[in-house]
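The values are calculated or read from the model by the stated rules, or taken from the named source; none is laboratory data. What you see is a predicted model; the values in this text were computed from it and never measured. Cβ placement follows ideal geometry from the backbone for every residue including glycine, while neighbour counts extend to all protein chains displayed. Side chains included, ligands, DNA and RNA excluded: accessible areas come from the protein's heavy atoms. Shrake-Rupley method; radii C 1.70, N 1.55, O 1.52, S 1.80 Å.
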Amino acid sequence: MFLTLTLLRKGIPGKQWIGKYRRPRQITWQMKRNTVKRLEIEAENEYWISRPYMSPEQEHGHAAERRAQNWLKIKETKFNNFPEHKNLIDHLSHLKITKTWSS
């Protein structure tokens, strides 16, 4: 495909690095080295991820106490920020100017 385009048109139409008929980029030895290096790092990560730090028995419920304490802290802060209770009498006390009934 690229050979035909090159022979017939004497060049690549439009921008040479983008588009459907772009010129393929040369792969250098540095690109190959970086790719191999990334793949080696990924393989090492997969190796370490495949071996768990704790057994399933150890992992079960190991953070329950800490999570319960954190939940209590959150609950306390929410309770402290909660406004005090107000009665209907407090809201309507400004209406009690005189307590006498005209009868």
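Can Q69 be described as at pLDDT below 90, of a type outside the set (D, E) and either part of a loop (DSSP other than H, G, I, E, B) or under 29 Å from the mean Cα position of the chain (by Cα) (or both)? Answer is no for this residue. There is at least one residue in region 47-63 that is β-branched (V, I, T) and open to solvent by 90 Å² or more (accessible area, probe 1.4 Å).
Just one of the listed residues (M31, M54) is assigned to a loop (DSSP other than H, G, I, E, B) and either at pLDDT below 90 or out of contact with any strand residue (DSSP E or B) (no Cβ under 7 Å at 6 or more places or on another chain) (or both), namely M54. Of the residues screened, H85 is not one that is modelled with pLDDT under 85 and surrounded by fewer than 10 Cβ atoms within 10 Å (Cβ to Cβ). Of the residues making up region 8-46, those that are open to solvent by 70 Å² or more (accessible area, probe 1.4 Å) and either among the aliphatic types (A, V, I, L, M) or touching a Ser or Thr at 6+ places or on another chain (Cβ under 6 Å) (or both) are L8, I18, I27, V36, L39, I41.
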